[in-house]
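Here is the structure we will look at, set down as structure tokens.
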């Protein structure tokens, strides 16, 4: 990929809520180079050949219920390693391909064609190896990364405990130095460990002695005092291993401390932020897969002597899913590109490779949470509607939709639940605005009166471009206004009013995704080689997305207002929000039908 940097150095994580991004600075999927496209195609073809053809198309499901099943999954993982797919994030000197974050994100979206195997390979290439990539010393990298890249070693990540989930730093797993000073002796247990049943290397988080914060360790399966529990009986992702692991004075050599003592908590957050974007990308890929199957079935299935794809109710579903995919995919790749640009900028300033990657990912923690939440909501919605389009056949195991439906549900839970991520996005933004002063939220809020005045101008432009810009600005200012008013009223108590924060997060999410979809169309419109037929549909997708984002955000805004104000104060806030979020005068039925008909004609999602 091209070594691009931010043209505007003031753009940083969360900046979207206070400033404008020129369309030309937005990265869009159409800009992926041939190498990235080839990698994406390779991953998709691998998943089709290794998973869909031998399993899905034969009415079977990849599972890990016994040793033979596990051997089958490991054989597939080894073939992925032979193709280089296990080393996409590992440096070339350590046997990998060292692809940029955008290409890694594209690969994650294509992994969805492997159903639950995506979880196995995803853990290998992300949370299982990245702690060593980012924080490992040279000896640790040389010892472990080449074997992980080739899939000789399977990697896993062990953070969650029975009483430490979202509050990861409250974990009780403990490490103490042995009397001879050669080992850390770890005691405790971890749960929900992906790849845990057959992993060779585990990134384990534990507190050393009486430390307040976690440290991280590289633990090998063969270490004395380490053991693995039985496979969990799960609702979905049955082709991935999930177990508990146990430590009984597990002897870990002191040289296997990863990074600095008490540096594990920050490490865990960094790894999770990167994983959230990739989880969002995988979810979007799953939605595309489900939509394509639904479109194909709707074209073939006839009722009353016509294909069901001609029915308005079916077209509603197809058009709605496609619109959501378009907007969320744009936001996902925007975020991945921002990380690459920040990384390149940091590297050019002299920062080391590992430190630059850590800082770049951490910078966009807000956007990472949004991408994860929106992507996981999308795939669950898309698979549910795809199953509905299939009718009774959707409930049959031979279509594979049930498997996809069950696999999709985990995306709302892992990498931090959606509720936690929604709360984190607002909390992180508030911290950068009020504590670290990295973002001038107060200054942005002072522009609200000017915006409100523009909304009562009788000569206000009615052009579609102006209306769309007005909606995006209205979403941003609504977030700033409500967060400011709620903060003034509740002060420090606001942190405990999670319902209000979730309302704010809804508006924040819609502002980011809605703006990104609009920027993409604006950029495409300025490119001389844009496909005009596609662009016409993409414009309608943006119209429909902004229409829905406006309605969804207005509901959240009014609910938040009703939750912290009463009487005349409440009605004053409502009046201001009604002015900020004026209705968008479009015909949603016509837009959905137009989008659906374009997909039905193409036979698949091509936007």
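The values are calculated or read from the model by the stated rules, or taken from the named source; none is laboratory data. As the structure is a computational prediction, the values presented were derived from the model and not from experiment. Using ideal geometry, Cβ is built from the backbone for each residue, glycine included, and neighbour counts are taken over all protein chains shown.
For region 475-506, the tally of residues that are in contact with a helix residue (DSSP H, G or I) (Cβ under 7 Å, 6 or more places away or on another chain), assigned to a helix (DSSP H, G or I) and more than 16 Å from residue 444 (Cα to Cα) stands at 13. Checked across region 480-488, the condition of being more than 24 Å from the chain's Cα centre (by Cα) and exposed (fewer than 14 other Cβ atoms within 10 Å of the Cβ) holds for at least one residue. From the list 402, 392, the one residue that fits, being in a helix (DSSP H, G or I), surrounded by fewer than 21 Cβ atoms within 10 Å (Cβ to Cβ) and free of Cβ contacts under 8 Å to residues at least 12 places away in the same chain, is 392.
Give the residue, chosen from 279, 216, that is outside the structural domain of residue 170 (by TED's automatic domain parsing), modelled with pLDDT of 95 or more, within 29 Å of the chain's Cα centre (by Cα) and closer than 30 Å to residue 166 by Cα. Before you say what the answer is, go through the steps one by one.
Numbers: 216 fails: outside the structural domain of residue 170 (by TED's automatic domain parsing).
Being outside the structural domain of residue 170 (by TED's automatic domain parsing), modelled with pLDDT of 95 or more, within 29 Å of the chain's Cα centre (by Cα) and closer than 30 Å to residue 166 by Cα holds for just one of 279, 216, which is 279.
For the residues 101, 115, 56, the requirement of being on the phi > 0 side of the Ramachandran plot and under 27 Å from the mean Cα position of the chain (by Cα) singles out 115. Can you name the residue in region 192-239 that is in contact with a helix residue (DSSP H, G or I) (Cβ under 6 Å, 6 or more places away or on another chain) and farther than 22 Å from residue 145 by Cβ and, of all such residues, is surrounded by the fewest Cβ atoms within 10 Å (Cβ to Cβ)? Filtering first and then ranking leaves 235. Residues in region 134-145 that are buried (at least 18 other Cβ atoms within 10 Å of the Cβ) and touching a helix residue (DSSP H, G or I) at 6+ places or on another chain (Cβ under 7 Å): 134, 135, 140, 141, 144, 145. Selection over region 146-166 of residues that are buried (at least 24 other Cβ atoms within 10 Å of the Cβ) and either in contact with a strand residue (DSSP E or B) (Cβ under 7 Å, 6 or more places away or on another chain) or in a strand (DSSP E or B) (or both) gives a count of 6.
What number of residues within region 507-532 are assigned to a helix (DSSP H, G or I) and in contact (Cβ under 8 Å) with a residue 40 or more places away in the chain?
Pass one, region 507-532, residues assigned to a helix (DSSP H, G or I): 507-525, 532.
If we keep only those that are in contact (Cβ under 8 Å) with a residue 40 or more places away in the chain as well, we get 507-520, 522-524.
So the answer is 17.
Yes or no, residue by residue, for (1) within 18 Å of residue 324 (Cα to Cα); (2) at pLDDT below 95; (3) part of a helix (DSSP H, G or I):
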position: 371; (1), (2), (3): yes, no, yes
position: 377; (1), (2), (3): yes, no, yes
position: 387; (1), (2), (3): yes, no, yes
position: 398; (1), (2), (3): no, yes, yes
position: 427; (1), (2), (3): no, no, yes
position: 430; (1), (2), (3): no, no, yes
position: 434; (1), (2), (3): no, yes, yes
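Just one of the numbered conditions (1) over 25 Å from residue 542 (Cα atoms); (2) under 19 Å from the mean Cα position of the chain (by Cα); (3) assigned by TED's automatic domain parsing to the domain that holds residue 552 is not true of residue 429: (3).
Residue 11 falls short on exactly one of the conditions (1) at pLDDT below 95; (2) touching a helix residue (DSSP H, G or I) at 6+ places or on another chain (Cβ under 7 Å); (3) closer than 22 Å to residue 371 by Cα, and that condition is (2). The set of residues from region 549-580 being free of Cβ contacts under 8 Å to residues at least 24 places away in the same chain and surrounded by 16 or more Cβ atoms within 10 Å (Cβ to Cβ) comprises just one member, 558.
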